[in-house]
1. For region A:105-128: of the residues being free of Cβ contacts under 8 Å to residues at least 40 places away in the same chain and surrounded by fewer than 24 Cβ atoms within 10 Å (Cβ to Cβ), which is nearest to the other protein chains (Cβ to nearest Cβ)?
2. Yes or no: residue A:92 within 22 Å of the chain's Cα centre (by Cα), within 11 Å of chain B (Cβ to nearest Cβ), farther than 30 Å from residue A:258 by Cβ and not in a helix (DSSP H, G or I)?
3. Residue by residue through region B:249-273, note down the ones that are at pLDDT 95 or above and under 17 Å from the mean Cα position of the chain (by Cα).
4. How many residues are farther than 19 Å from residue A:107 by Cα and modelled with pLDDT of 95 or more when one looks only at region A:51-76?
5. With respect to the numbered conditions (1) closer than 26 Å to residue A:151 by Cα; (2) modelled with pLDDT under 95; (3) in a loop (DSSP other than H, G, I, E, B), which one is the sole condition not fulfilled by residue A:97?
6. Please find, among B:170, B:203, B:148, B:199, the residue that is over 20 Å from residue B:249 (Cβ atoms) and in contact with a helix residue (DSSP H, G or I) (Cβ under 7 Å, 6 or more places away or on another chain).
7. In region A:40-53, which residues are crowded, with 21+ Cβ neighbours inside 10 Å and within 18 Å of residue A:130 (Cβ to Cβ)?
8. Need pairs with beta-carbon distance below 6 Å; first residue closer than 14 Å to residue A:62 by Cβ and within region A:175-186, second assigned to a helix (DSSP H, G or I); sequence gap 6+ or separate chains.
């Protein structure tokens, strides 16, 4: 469950734990984990909103890009837990301005990524609305009991990040007429599904999270869930991105993960660099230090009236 | 997948069938059906949008009622297929006007129905938005291969409906200061989960659908899926509801189902009357006749700019 932390904590406290219903993990990670009776797999479920004027603008974001990104956001959550996609459900509230072509292009973009990742479009809902809103649900599978979680990082673990950070924030800042690679990064993120499966199966990563709201905030969340602290240096930057964009810019959809200290991590996974950026430490749960100085959990928090800004978490 | 039929048909044609991924049934029924590897259960999934000024108004609908109804809509889809609820995911785009109390009340209403029906709240997403929007996903389970579907009605089957129809439309028309029972019907629908399980296990119903968009439209959909026609008489009416509200009013969330001609159907299930309203016939797929005259598939179709109206299906 994403969004404003205090509010989520308040909701979480209201919810009784229901292991008897097959729910292994509820609110608090990238996905919920459900264990079907007698199945060899656990199923992961995540849901993500994509809203006009909060996550995208009709003037700059093409329909096919919105479709792609809607699904990519959900798949990225599944990747962070090592899941293999099974299906998705798409709810689409269509604004007046979006005609038949827009809707066709939206599904074209979404289905292109779906085909590439083996994700079936199983259904959804359609309604008219003043502003466009999409909600995606992704279901992914992992072998029973093997999902990567946020809460497994231990003192001494090495902290790694995939890719180079800040590209999406740079793309958003410069717009579609800015650097093409950065804009592409912003509208066509590639969910790291193969990497997630590799982390789960081969590296036996202790914890993982996807970078949807920026390194500083997402590392803070991982540390909070694992009840540890982290000491890092500056992460690798996307060409042209500022240090601020690399630390606090959202929507990179790379993976942040931890491994036991002696695990050998390859320098690359396919074309994607894997970079050691620090170490898990004892200390106040959730605290993160960059080059020895406290790094505030500032990130791309949508639970703000102002939408596109990078604002503090309460 | 709900919404405008032609559009859904266009989306459906774009989607490849993916039985290999465990998807037994995709777009086209109340829920998608997914079969986890090795599991004794099939899982049902449905998603439903509830939008400000389309499905509810902040002036008239209390937060707890919106929360209840959000979940009730999803559970009703599960009921129509004979499912036993497992968990739900809730995406909430919160408008400026909705403060902390509103959000708390929303979850209070939702969790009250969740507790009553054994549905765990497994997670969701939160964002800020100009208008309030909720999206619910419900997962329910049925024994493998036993889900009730829309497409199993056969010539000669008897057609039944649960409850009395038009109450929700009456409640909506008269508002919170109108007849109390009708308003309650509109804001506190009771998903017919026990009835759905009874239809599946005991009555061996051949087909079922929930009445979310009105009898005329939903019976048309059932007949279309089953490639049959239907001849009915007027359904039982909610006290005070007009014949029009009973035929075309949406959101009653009763069940419409068919059984083989010789099946003995009790007059009541608990307190809910079960009424025979007609018979499945040969004929043009999807056509419905009321007392011998064609009944147009008019219903509560949200895929209209005007929102609250009852409009024709293209």
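1. Step one: list which residues in region A:105-128 are free of Cβ contacts under 8 Å to residues at least 40 places away in the same chain, which gives A:115-116, A:118, A:120-128.
Then drop every residue that is not surrounded by fewer than 24 Cβ atoms within 10 Å (Cβ to Cβ), which leaves A:115-116, A:118, A:126, A:128.
Values: A:115: 7, A:116: 13, A:118: 7, A:126: 3, A:128: 6 Å.
Selected residue: A:126.
2. Against the criterion (within 22 Å of the chain's Cα centre (by Cα), within 11 Å of chain B (Cβ to nearest Cβ), farther than 30 Å from residue A:258 by Cβ and not in a helix (DSSP H, G or I)), residue A:92 qualifies.
3. B:252, B:253, B:254, B:255, B:256, B:257, B:258, B:272
4. 0
5. The one condition residue A:97 does not meet is (1).
6. Only one candidate qualifies: B:148.
7. Start the filter on region A:40-53 by keeping residues that are crowded, with 21+ Cβ neighbours inside 10 Å, which leaves A:41-52.
Answer for region A:40-53, where residues must be crowded, with 21+ Cβ neighbours inside 10 Å and within 18 Å of residue A:130 (Cβ to Cβ): A:49, A:50, A:51, A:52.
8. Once the first residue is closer than 14 Å to residue A:62 by Cβ and sits in region A:175-186, its partners that are assigned to a helix (DSSP H, G or I) give A:176/A:183; A:183/A:171; A:186/A:168; A:186/A:171; A:186/A:172.
The values are calculated or read from the model by the stated rules, or taken from the named source; none is laboratory data. Just so it is clear, the structure is predicted and the values come from calculations on it, not from any experiment. As a convention, Cβ positions derive from the backbone with ideal geometry for all residues, glycine included, and neighbour counts pool all protein chains shown.
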